[in-house]
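The values are calculated or read from the model by the stated rules, or taken from the named source; none is laboratory data. Quick caveat, the model's predicted, so the values are computed rather than measured. Neighbour counts run over all protein chains shown; Cβ positions are idealised from the backbone, glycine included.
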Amino acid sequence: MDPALYKKFTASRGLQYYYLAFPGDTNKPILLFLHGFPSTSYDWKHQVEFFKARGYRLIVPDMLGYGETSKPTDPSAYRQSLITKDIVELLDAENADRVIAIGHDWGALTASRLANYYPDRFLAFGFLAAGYYPPNMPQPYEEAMQTLKQHIGTELYGYWSFLSETDAHTKVEKNLDSLYTLLFCEDPELWKEYMNPPGGLKKWIENKHTTKVGSFITEEASRLPEYVMQYLTFYQDQRIQKEKMRNNGLEAALCYYKATTSNIYAEDLRENPPKIIELTMPVFFGGASKDFVCRADMHKEAVEQRCKDATIHVYNTGHWVQLQAIRMNLTRTYWHGFRLFRRKRNDNKI
């Protein structure tokens, strides 16, 4: 990612955002990419390269709590009504009037709330791994885990309880390789044992477990000789990602989990009701069949029910859709879906 393309913006509540801004062709819409945990704008590098080469305007922020953006440690600062206001103010500063927002992981939640609070500001929305989150009043965390256990046989988000603990960031930062290798693991089945059930991630971290990092980290150099690919790309990606996590810490980033488990997000919805719930603008959902946290079948159902003009693809990948082998086909595919705004497609795995 070219440092010369990065800028800084201070929102009205005093928090500073660090973001990539590529001017591109003014006749084309702006693509707004929103990452999740534990990423930064760096994890959109393949999409930035792809669309930048085609002249699209781009805005790619380090989200609140990550990278070079401000890092408040009060979970209340992460209310989605506040984060979406920050993002819209940033768009205003960039005179961005024709925008397509694309979110991954927690970024999909922010994209969802942008659709709910500011529907007139956006042409379309994309959701990767995690789908559209309707602004329904969520159950308290513990109740939700019990409900999931009863209905699908697993708590699914059991790891949230550990990441919400007061000292979780300290434990994780001391064992960064453990967290990193599990989140970006080659074998997505590990998430069933160490992410879904409560206590699984804590056990993994405290026992200093590690595993093989996914080969998808290396694939942007696939045209190079294997030994070059391994030494130039694989280790560069790991170094950069770990360096950002280590240098910036994780206390602020974990506030997204604390805001959920402490019901701050539920309070936010009560105090700031959305303008719309059902989305009528074009929507793309790119699910991941091997994502055992953001389960594609569950997110696909929400998109089908609440998004009236949806294009849906379920890819044969794990959670990191934008980083994995199909990333170039993926970007081509979901952009194709947006270009054909009113064409509805609902495919299975490709």
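Here are the numbers:
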| read-out | value |
| --- | --- |
| Only one of E173, E142, E193, E186 that is of a type outside the set (S, T, Y), surrounded by fewer than 17 Cβ atoms within 10 Å (Cβ to Cβ), without any contact (Cβ under 8 Å) to a residue 60 or more places away in the chain and over 29 Å from N316 (Cβ atoms) | E142 |
| Among residues of the range 60-101, those that are part of a loop (DSSP other than H, G, I, E, B), among the aliphatic types (A, V, I, L, M) and farther than 29 Å from E243 by Cβ, counted | 1 |
| Residue satisfying all of: in the range 83-96; acidic (D, E) and touching a strand residue (DSSP E or B) at 6+ places or on another chain (Cβ under 8 Å); nearest to V293 (Cα to Cα) among these | D86 |
| So V99, is it in contact with a helix residue (DSSP H, G or I) (Cβ under 7 Å, 6 or more places away or on another chain) and either modelled with pLDDT of 95 or more or of a type outside the set (K, R) (or both) | yes |
